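Beneath this line is the structure, given in structure tokens, with notes to follow.
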């Protein structure tokens, strides 16, 4: 057995004392470095969002004069007035005849009402399906503008989960910062434009507002982007910013005033060069550079097909039928803005001529599938010997209106290691990020 009373602690020499002191100081240094490294690796913590503070939004997802079929993956309730019915069957159809909505399930049970129907989920895992998409939240089927409409009501964050991927595109994990930037921009747009239609719904589900396709368009990356920026919006001088965005700028963004007129001189909506580190950020975009060519007959017919619909608001009394028997004589760019986008274009027929803005020109020169990609273009005309138009070649850059955040530029910045805060600060200069809830 060890005899504690006979344990001898030897006297340390001067060398031994120095060695012990150095070892002790080294140990303290290692502990300090470990502590600092541990602190640096801890991610920025966010408070859990109080879901009761998240606003609800209503999205118009379907509008048709006749009928719609809706499916559900679980039991659900349908409210009509003061009545509620549980539907165990997964499919229900609605049809409108003479302003009266009828409802039918697969058992051919039918009821008729002149009111509206609310389809309410019985659990958080419920998803309603229609026209190839699935949706969180509840649906309302009602009459709207003489036809049948479906409105999706859900919380703002769930709405954004169905928006981000459709706007920024499919983003791999290394581009999540671009998805976060898109989430903040989309949330800012929604907060800024809440109640836009002053009626049964807040937003449309297409490019009129933000493209929304419900839960079927969600991805793990874009959902995480929404969750990790929950409640964050852009502000300018303390007010919610007008966080506009578009696909690709072709090298330079546009001034909001130049594109749409008005008096919005906010610095975050002014033209900037999309240029960092020796290259243009959106140079990998599909429409970074593009060319379209029409024959004289094709471009003339395109303009005649579209000009009345585009200009009827700005020229309500104009009789556009008078140009149907005229020949297209010329297309001339009269003025360019600071970003070199077309500001005014003159469309000349043999007797009448119209001067339009660049954005109006995009819609007048609309093709079969989409409007002209951008207003950053030039026009070259080749004529027959008699002076009539033989071909029109349009060479341009970018895709979209050009104001605000260039989405392909944001993707490149994320890939190069920039944070979503840096991306937003680059495209919306002078703005701040504020968390609403």
Relative contact order of the chain, pairs being alpha-carbon contacts under 8 Å that are 6 or more residues apart, as % | 15
Using a basic spin-label model with each label point 7 Å from the Cα along Cα→Cβ, how many nm lie between residue 82 and residue 434?
-> 4.5
Value of [θ]222 nm, deg cm²/dmol, for the chain, DSSP H segments ≥ 4, -39500 (n - 2.57) each, nearest 500 = -7500 deg cm²/dmol
Using the scaling law 2.2 N^0.38 Å as the reference, what is the normalised Cα Rg of the stretch 54-157?
-> 1.00
Protection proxy (average C-beta count within 10 Å per residue), highest first, orders 411-422, 293-304 as 411-422, 293-304
Burial-style ranking of 195-201, 256-262, average other-beta-carbon count within 10 Å with highest first, yields 256-262, 195-201
Taking R0 as 60 Å, what's the FRET efficiency between residue 314 and residue 220 from their Cβ-Cβ distance, rounded to 0.05?
-> 0.85
Rounded if a/c under 1.5, otherwise prolate or oblate - the stretch 269-326, Cα gyration tensor axes | oblate
Along the three principal axes, how long is the stretch 104-184 when you take its alpha carbons, biggest first, rounded to the nearest angstrom?
-> 52, 29, 21
Which whole-number value in Å³ per residue fits the convex hull of the alpha carbons of the stretch 289-397?
-> 98
Do you know the relative contact order of the stretch 289-397, to the nearest whole percent, from alpha carbon pairs under 8 angstrom that are 6+ apart?
-> 32
Sequence ranges 153-162, 337-346, 308-317, ranked by mean other-Cβ count within 10 angstrom, highest first | 153-162, 337-346, 308-317
Kindly provide the Kirkwood hydrodynamic radius of the chain in Å, to one decimal, from all pairs of distinct alpha carbon atoms.
-> 26.0
Taking the chain as a Gaussian network, where each spring joins two C-alpha atoms under 10 Å apart, which residue of 385, 186, 178 fluctuates the most?
-> 385
From the square roots a ≥ b ≥ c of the eigenvalues of the alpha-carbon gyration tensor of the stretch 318-367, which class results: rounded (a/c under 1.5), prolate (a/b over b/c), or oblate?
-> prolate
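FYI, it's all coordinate maths here, none of it is from the lab. This structure is a prediction, so every number in the text was calculated from the model and none was measured. In this analysis, Cβ positions are derived from the backbone assuming ideal geometry, glycine residues included, and neighbour counts consider all displayed protein chains.
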